[in-house]
Ligand SMILES: Nc1ncnc2c1ncn2[C@@H]1O[C@H](COP(=O)(O)OP(=O)(O)O)[C@@H](O)[C@H]1O
Ligand SMILES: [Mg+2]
């Protein structure tokens, strides 16, 4: 297309004309620069919903990034995730495209784009805070430093995952509440190749025919598995992004989901605190890592907690934490790779009280076993469907039997679809009494999920108390009393929205934890007061209790210990 005047030269001209930038004096020439040509073809991808996309029942509607609108629709074939990008004029799209092509190409560093855009807008006389101008900025930014057409999805904290398997199929998302569903976004082959390259680049790696499969962590903290389909390994490019929750699952937020009851959580707490090793197991995405992370947030505030992760997905607010991440190697020989085993070995030298691994998959299992063998506490997750399968895997991974037998508490995680929503629940908590020669475990169920109550009910915690008592030189009665205090505390921190919100920030949680370890009864008394006051407030107007995904902890008036068995 013929340009009467390129944007760049016009920018330069203006600068020389009026030393200091007297902004936007000649809007007429700006209009000239951006006059929509009759043959304008939009190249940047934007998503337009069609009427039929909305057919069905609208369940939810929100905007993840302030501009694109997302609507969750329940249609005849299931849920749909319908995206509508900002509705701007053709002129605005044309402007966006030209600014990207002609000016922003020259801004190399992503952090300069924001300021650069402001200067360019000023110089060109694009002013105003109207929707059209803000949307123009948004569209440019998401093209240049964002995630282009899937930007709203990447920004959507309601999503757990985003995937695109081939150009002829829609981008698919996994919604935290509604589960997996297709979107109305399709990528052409070129767009998909470009997206995979872009994601690799954003994660600081390159993907090529030579190395067509790459895993990265995006600047958002999300991880992406990428395949470039030009080579021999796949028919087309594809990507899977697993989203990292922006709000850490501190115990108050975690318990509020109903995944586990306060009394069952308190059992995991007291066991882990006394260094009985804990492992969560179950299928992919059932919440294994999240559980051990939530338990780790209950460990003594002064403890040294070593955390090894292949991806940055765990954290605790404890000042004594030591966080380490695996790293892939560089170059053809993948030099300088740091494996999970390296990390765990290294953590052993850090004199940690507890070693935590987000997921055990390989050789690090042996080192983890060694840590348990020398009396360190351990928390980890592993992919397995039963306690038998779990110990079978540890055997295959080369963990010595005596060390595997140090693993005492197991939490079985499950993901269910109920009433159109997804529920994560701890199916059972087991206490392992021992292993036979073949690593077959002998175990008892100390807590289990009861469907009718939608609650993880503690059945018989005594074997756990007994072992802790043996190891800590305390009486079983003392341990049981500590457990009750912990359960009471946990039921209170999630009993009312205000208290829950206040304690759900990691730093606030740490403060509460410090106080709990110092003076549990005092803190409990104060929380009881706060909860009572809040319940009084809510109970004044008749409160229509909306059914939530999570059964809230039954508020227990008067603060009796009636929650406990
Ligand atoms: N109790 C819960 N309620 C809601 N979402 C949860 C819960 N537990 C975990 N999640 C979310 O589910 C996803 C998968 O959890 P994760 O712990 O990574 O699973 P796994 O380790 O089993 O693969 C994450 O996005 C996490 O934030
Ligand atoms: Mg995990």
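Could you pull out every one of the helices (runs of 4 or more DSSP H) wholly within region 497-550 that has 1 or more residues that are surrounded by 12 or more Cβ atoms within 10 Å (Cβ to Cβ), modelled with pLDDT under 95 and assigned by TED's automatic domain parsing to the domain that holds residue 297? Working first, answer last.
Working: elements: 497-504, 506-518, 520-539.
Of the helices (runs of 4 or more DSSP H) lying wholly inside region 497-550, those with at least 1 residues that are surrounded by 12 or more Cβ atoms within 10 Å (Cβ to Cβ), modelled with pLDDT under 95 and assigned by TED's automatic domain parsing to the domain that holds residue 297 span 497-504, 520-539.
Please specify each residue of region 276-289 satisfying the condition of being surrounded by fewer than 24 Cβ atoms within 10 Å (Cβ to Cβ) and more than 14 Å from ligand 2 (Cβ to nearest atom).
Within region 276-289, just 276 meets the criteria.
For residue 430, indicate whether it is in contact with a helix residue (DSSP H, G or I) (Cβ under 8 Å, 6 or more places away or on another chain), modelled with pLDDT of 95 or more, buried (at least 16 other Cβ atoms within 10 Å of the Cβ) and in a loop (DSSP other than H, G, I, E, B).
Here the answer is no, as residue 430 does not meet what is asked.
Does region 220-232 contain at least one residue that is more than 26 Å from residue 414 (Cβ to Cβ), part of a loop (DSSP other than H, G, I, E, B), within 18 Å of the chain's Cα centre (by Cα) and more than 16 Å from ligand 2 (Cβ to nearest atom)?
yes
Picking from 305, 292, 241, which residue would you name as being under 22 Å from residue 493 (Cβ atoms), within 16 Å of ligand 2 (Cβ to nearest atom), modelled with pLDDT of 95 or more and in contact with a strand residue (DSSP E or B) (Cβ under 6 Å, 6 or more places away or on another chain)? Talk me through it step by step, then tell me what you get.
Values: 305 fails: within 16 Å of ligand 2 (Cβ to nearest atom); 241 fails: under 22 Å from residue 493 (Cβ atoms).
The conditions single out 292.
Scan region 237-250 for residues that are away from ligand 1 (no atom under 11 Å from the Cβ) and either within 22 Å of residue 459 (Cβ to Cβ) or touching a helix residue (DSSP H, G or I) at 6+ places or on another chain (Cβ under 8 Å) (or both) and jot them down.
237, 238, 239, 241, 250
What is the residue count in region 465-496 for residues that are in contact (Cβ under 8 Å) with a residue 12 or more places away in the chain and more than 10 Å from residue 252 (Cβ to Cβ)? Steps first, please.
Let us first name the residues in region 465-496 that are in contact (Cβ under 8 Å) with a residue 12 or more places away in the chain, namely 465, 467-468, 471-472, 476, 479-480, 482-496.
After this cut, where a residue has to be more than 10 Å from residue 252 (Cβ to Cβ) as well, the list is 465, 467-468, 471-472, 476, 479-480, 482-489, 491, 496.
Within region 465-496, residues that are in contact (Cβ under 8 Å) with a residue 12 or more places away in the chain and more than 10 Å from residue 252 (Cβ to Cβ) number 18.
In a strand (DSSP E or B) and either more than 8 Å from ligand 1 (Cβ to nearest atom) or at pLDDT 95 or above (or both): does that describe residue 267?
Details: in a strand (DSSP E or B): no; either more than 8 Å from ligand 1 (Cβ to nearest atom) or at pLDDT 95 or above (or both): yes.
In short, no.
Among (1) in contact (Cβ under 8 Å) with a residue 40 or more places away in the chain; (2) not in a strand (DSSP E or B), where does residue 210 come up short?
Among (1) in contact (Cβ under 8 Å) with a residue 40 or more places away in the chain; (2) not in a strand (DSSP E or B), residue 210 violates only (1).
Given 394, 390, which one is touching a residue at least 12 places away in the same chain (Cβ under 8 Å), part of a helix (DSSP H, G or I), surrounded by 18 or more Cβ atoms within 10 Å (Cβ to Cβ) and more than 16 Å from ligand 2 (Cβ to nearest atom)?
Details: 390 fails: more than 16 Å from ligand 2 (Cβ to nearest atom).
Answer to the selection: 394.
Tell me which of these residue 317 doesn't satisfy, since it passes every other one: (1) closer than 19 Å to residue 278 by Cα; (2) in contact with a helix residue (DSSP H, G or I) (Cβ under 6 Å, 6 or more places away or on another chain).
Condition not satisfied by residue 317: (1).
Of everything in region 291-314, what is closer than 22 Å to residue 259 by Cα and touching a helix residue (DSSP H, G or I) at 6+ places or on another chain (Cβ under 7 Å)? Give them in sequence order. Don't jump to the end; show me each part of the working.
Quick first cut of region 291-314, residues closer than 22 Å to residue 259 by Cα only: 291-299, 313-314.
Within region 291-314, 294, 295, 297, 298, 299, 313, 314 meet the criteria.
Within the group 488, 455, 424, which residue is within 16 Å of ligand 2 (Cβ to nearest atom) and closer than 30 Å to residue 531 by Cα? Give the derivation first.
Values: 488 fails: within 16 Å of ligand 2 (Cβ to nearest atom); 455 fails: within 16 Å of ligand 2 (Cβ to nearest atom).
424 is the lone residue from the list that is within 16 Å of ligand 2 (Cβ to nearest atom) and closer than 30 Å to residue 531 by Cα.
The values are calculated or read from the model by the stated rules, or taken from the named source; none is laboratory data. Worth saying up front: this structure is predicted, and the values here are computed from it rather than measured. For neighbour counting, all protein chains shown are included, and Cβ atoms are generated from backbone atoms with ideal geometry for every residue, glycine included.
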